[in-house]
Amino acid sequence: MKIAVVGAGLAGLSVAHILEQKGCTVTIFEAKDRIGGRILSVPTDDGGTREEGGAYVRPFHRRACSLIEHLGLTLVEKSFPKRDPNDDVIKDQSRIRSEAKQLMEDLPPKPWTSPELVELDQTTVASFFEFCCRSEAGLESAMKGFTAGSGQDPTEVSLLGWIDSEKKMAGQSKSLLGVEGGMEGVIKGIAADLHTEPVLNRPMKSIQQSEDHVEIWMEGEMAMADRAVITLPPKVLLDVDFGDSLSMEQELAWQVLGAAGLMRGEIDWRDDQYAKASGPTFPPGAVLAAGDHIGEQAGRIHFAGDAASNWPGLLEGALESAERAAEEVMNADKK
Ligand SMILES: Cc1cc2nc3c(=O)[nH]c(=O)nc-3n(C[C@H](O)[C@H](O)[C@H](O)COP(=O)(O)OP(=O)(O)OC[C@H]3O[C@@H](n4cnc5c(N)ncnc54)[C@H](O)[C@@H]3O)c2cc1C
């Protein structure tokens, strides 16, 4: 089977690798002049590396950790300077934790399928913090901590989305693990094991499909394949012409997502036309509106990328989505 993969970030390279292992002939088209997408490790003057993008995994991100180990790279625990919060802040943190725990306990496994959660989805994380905190210092610390960790403004994030993501991490080790020499080592490692070399400087403008093939249109150039896996972030997908391939629900899902602005070094990824965000956010109402349409298969067009996963905005999500999309492709013609 001939597969076109669009985007050479972690999801694109991973899905290409899985499909090659299963015997497909894969071509990867990348808009930029480099691979890696939102993973970018920049050498520093002192011989070290500065991560501009995805930098850390957690021990329970099993796909990411085992890939890193499989590639022979070394995980290094990141330590942060300890803060010494005052008593008011500690009490407020504890109230936030206990209220959030209660909400997690009541949450069904796929909350976006439960319309009765609309109120929780319409509530913002900021108003939840306001409800829990009794001191100004506690509230300020909660708001700032949230933005620092996620690049998201708590006044613009759905409480339901946040509680759902916190639930996945409940009871797990919170350690952050980086990669010695930089996360880009993962990108280089996967690329080195591919039969195909990604074709750079090829921004996809539109994609069309017929009964037996897909056509990917780039500037003045067209590529044909049996199926395509598109790995672009949602806000970037909105710039691509999909003809009549998409359902209204899927387009709406991409539209309702917001753009996180996490910055590690000098790059604001919201200004990058091929990223438009450090990761997706779920504004109030977006969890139920997006449902599970973000990465929905559209005929011969499949979707991967961190947003189309259970771990949006994370490397683990990019890998999970690649596995899911590869499985979809391999099973598609069996139906
Ligand atoms: C500042 C920052 C910090 C982060 N920190 C962490 C962290 O600590 N831990 C963590 O797990 N995650 C983190 N992330 C998120 C993580 O980097 C992403 O989840 C992951 O890299 C996404 O991979 P992807 O392949 O889904 O998307 P991308 O890496 O965005 O790949 C998409 C690719 O498609 C290309 N493309 C776009 N448009 C087109 C087009 N029209 N035609 C062809 N190609 C196109 C892009 O150039 C890109 O190469 C961070 C991200 C940022 C930006």
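Read-outs throughout are calculated quantities, based only on the coordinates presented, and are distinct from any laboratory measurement. Just so it is clear, the structure is predicted and the values come from calculations on it, not from any experiment. Please note: Cβ atoms are built from the backbone with ideal geometry, for glycine as well, and neighbour counts cover all protein chains shown.
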Tabulate in residue order the Karplus-calculated ³J(HN,Hα) for the range 268-278, using 6.51 cos²θ - 1.76 cosθ + 1.60 with θ = phi - 60°, rounded to whole Hz; enter x for Gly and Pro. 9, 5, 5, 8, 8, 5, 9, 10, 6, 5, 6
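What FRET efficiency would be calculated for the residue pair Val42, Glu251, taking the C-beta separation as r and a Förster radius of 35 Å, to the nearest 0.05?
Values: r = 35 Å, r/R0 = 1.01.
Approximately 0.50, to the nearest 0.05.
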For a quick check: sort Leu200, Leu237, Leu139 by the number of other beta carbons within 10 angstrom, fewest at the front. Leu200, Leu139, Leu237
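Mind checking the dipole of the chain: about its Cα centre, +1 per Lys or Arg Cβ, -1 per Asp or Glu Cβ, Debye to the nearest 20? Don't skip to the answer; put the middle values down first.
Numbers: 34 positive and 54 negative charges, 154 e Å.
Using Cβ point charges on Lys, Arg, Asp and Glu, the chain gives about 740 debye.
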What order do you get for Ile230, Ile301 when you list them from fewest to most C-beta neighbours inside 10 Å? Ile301, Ile230
Volume of the Cα convex hull of the range 198-335, divided per residue and given in Å³: 123 Å³
Could you list Ser321, Ser98, Ser175 so that the one with the fewest beta carbons within 10 Å of its beta carbon is first and the one with the most is last? Ser98, Ser175, Ser321
Multiply the residue gap between Leu71 and Glu219 by 0.36 nm, knock off their C-alpha separation, and tell me the result in nm, one decimal place. 49.8 nm
Here, GluC sites (Glu not before Pro) of the range 113-206 satisfying both criteria (DSSP loop; at most 15 other Cβ within 10 Å) are Glu180
Calculate how many DSSP beta bridges within the chain are antiparallel, expressed in % of all such bridges and rounded to the nearest 5. 60 percent
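Which entries of Lys101/Lys168; Lys205/Lys276; Lys167/Lys188 show an alpha-carbon separation above 21 angstrom in the structure shown?
Working: Lys101/Lys168 12 Å; Lys205/Lys276 16 Å; Lys167/Lys188 33 Å.
Beyond 21 Å between Cα atoms: Lys167/Lys188.
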Give the Debye-formula value of log10 I(q)/I(0) at each listed q (0.09 Å⁻¹), with one equal scatterer per alpha carbon of the chain, two decimals each. -0.49
